[in-house]
C-alpha cells in the first residue's frame, strides 16, 4: 500500500474507532478544551504509528516530529474551529448531519493527501 493509503486507514481508525462520545460531543467547546486536545493527540498517535509501520522507524525518524506537529495542528484546526460547518455556511449548503460529516471527512482526507504529497 502507498503511504496515503496507510494514512487513510489510520484516519479511519483515529477519527472514528478511537473517538468516543465524550470527544465527539465536546471537541468544539472551545479551542483548548480537554476533549479536542485528547482527540487530536490520539489521532496523531495513530497516524504516527501508521507513518512508521511500512518502513523501519529509523528511516522515518527525522521527519516524525514535524510531521506529527502538522498532523496534530491540521486536525485541531478542522475540528476545533468547526471548519466543515463554516464551509457549509459560507457556500450556503444544507446543514444536514450527513453532509457535515462528509465535508469534515473530505477536509481531513485532503489535508492528508497534501501532507503526503508535499511533506512526507
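In this simple spin-label approximation, residue 83 and residue 52 carry label points 7 Å from Cα along the Cα→Cβ vector, and these lie 2.6 nm apart. By the count of other C-beta atoms within 10 Å, a proxy for reagent exposure, 72, 43 are ordered fewest to most as 72, 43. With R₀ set to 25 Å, the beta-carbon distance separating residue 4 from residue 91 gives a calculated FRET efficiency near 0.45. Each listed q (0.14, 0.27, 0.30, 0.33 Å⁻¹) maps to a log10 I(q)/I(0) for segment 77-120, found by the Debye formula over equal Cα scatterers with no solvent: -0.35, -0.91, -1.02, -1.12. Its relative contact order, with pairs defined as Cα atoms under 8 Å and 6+ residues apart, puts the chain at 29 percent.
Legend: ranking of residues 71, 78, 101 from fewest to most surrounding C-beta atoms inside 10 Å; resulting order 101, 78, 71. With neighbour counts taken as other beta-carbon atoms within 10 Å, the residues 100, 86 rank, fewest first, as 86, 100.
Name the residue, out of 88, 23, 48, whose mean-square fluctuation peaks in a Gaussian network model built on the chain with Cα pairs under 10 Å. The residue with the greatest mean-square fluctuation here is 88. Rank 97, 83, 31 by mean-square fluctuation in a GNM of the chain with C-alpha springs under 10 angstrom and give only the top-ranked residue. Highest fluctuation of the listed residues: 97.
Once the convex hull of all Cα atoms in the chain is built, its volume per residue stands at 104 Å³.
Readers should treat all values here as calculations from the given coordinates under stated rules, not as data from a laboratory. Since the model is a prediction, treat every value here as computed from it, not as a measurement. Don't worry about glycine lacking a Cβ; one is built from the backbone with ideal geometry, like all the others, and counts go over all protein chains shown.
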